[in-house]
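The values are calculated or read from the model by the stated rules, or taken from the named source; none is laboratory data. Bear in mind that the values here come from a model prediction, so they are computed numbers and not experimental data. Because the Cβ atoms are built from the backbone with ideal geometry, glycine has one as well, and the counts that use them run over all protein chains shown. The protein model used for the area step is the full one, side chains on, heavy atoms only, and it has no ligands, DNA or RNA in it. Shrake-Rupley method; radii C 1.70, N 1.55, O 1.52, S 1.80 Å.
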Amino acid sequence: MLNIATLLENNKKWAAQRTLEDPDFFERLSQQQSPKFLWIGCSDSRVPANQITGLAPGEVFVHRNVANVVHQTDLNCLSVLQFAVEVLKVEHIVVCGHYGCGGVSAAVDNKRHGMIDNWLRQIRQTASAHEEELCALSDSEKVDRLCELNVVTNVNNVAQSTIVEDAWSRGQELQIHAWIYRLTTGRIKTLQDSRSGQ
Ligand code: CO
């Protein structure tokens, strides 16, 4: 059974191992970060950005929330986006959802979950906009398809943010990617062509 002391013990071992492999690793990283990627993903503990993409500390700037939602009024997400685009000058933004997302499922199960129903409202709107397509599917297919549509909606929200519009009008190299992760296989699928502002 994992307990909290295990985390600190693991950290000690991890830092020692890293230092053994690369004695300057922490010193170098402490000077600056220059990730090329911004990851916008779900908070789900089973979808950790670094591990599933094989990236080391310093290689990906990460924003996660329930159901990987990008609201145009979310100061937290917009601040991450602005810092990533304007200061770090990331070259790629990945919006990565996952099949079987509890947040997406909760958005359309017609039950009350509390405050989070407000957070998930945009997903209900996406479901309404694609009602005809979704109605033809079984319940589990419906949630999985909505997980995909939710990614596409949020890629559009990123692309239509003032931050990304301004970056593209300056001629900054910046691509946005729509990805979805399958919990049962550990594999990521691309949902549509990358957006590059041209
Ligand atoms: Co999720």
Helix 139-159 vs. the chain, principal-axis angle (Cα, 0 to 90°, nearest 10): 70 degrees
Cα gyration tensor, segment 89-141 - rounded (a/c under 1.5), prolate or oblate: oblate
Solvent-accessible heavy-atom area per residue, rounded to whole Å², over the chain at 1.4 Å: 59 Å²
Nearest-ten-degree value, helix 4-21 long axis tilted from longest Cα axis of the chain: 60 degrees
Estimated FRET transfer efficiency (GLU86, ARG18; beta-carbon r; R0 25 Å; 0.05): 0.25
DSSP beta bridges in the chain [antiparallel fraction, %, rounded to 5]: 20 percent
Heavy-atom SASA rank of LEU88, LEU2 (probe 1.4 Å, accessible area, largest first): LEU2, LEU88
Lysines with Cα under 26 Å of LYS89, excluding same-chain neighbours fewer than 8 positions away: LYS36, LYS189
Ellipticity estimate at 222 nm from DSSP helix runs (n ≥ 4, -39,500 (n - 2.57)) divided over the chain, nearest 500: -13000 deg cm²/dmol
Part-to-part distance (alpha-carbon centres) for segment 141-189 and segment 1-61, which is given in Å: 24 Å
All lysines inside 23 Å of LYS111 as judged from Cα atoms, apart from same-chain residues fewer than 8 positions distant: LYS142
Equivalent ellipsoid, segment 1-111 (semi-axes from 5 times Cα gyration tensor eigenvalues, Å): 29, 21, 11
In Å², nearest 10: area of THR73 left accessible to a 1.4 Å probe: 120 Å²
Accessible surface of the chain, 1.4 Å probe, proportion on carbon and sulfur as whole %: 51 percent
Charge dipole magnitude, Cβ of K and R +1, D and E -1 - segment 35-196, Cα centre, debye nearest 20: 340 debye
Kirkwood-based Rg to Rh ratio, the chain, C-alpha trace: 1.01
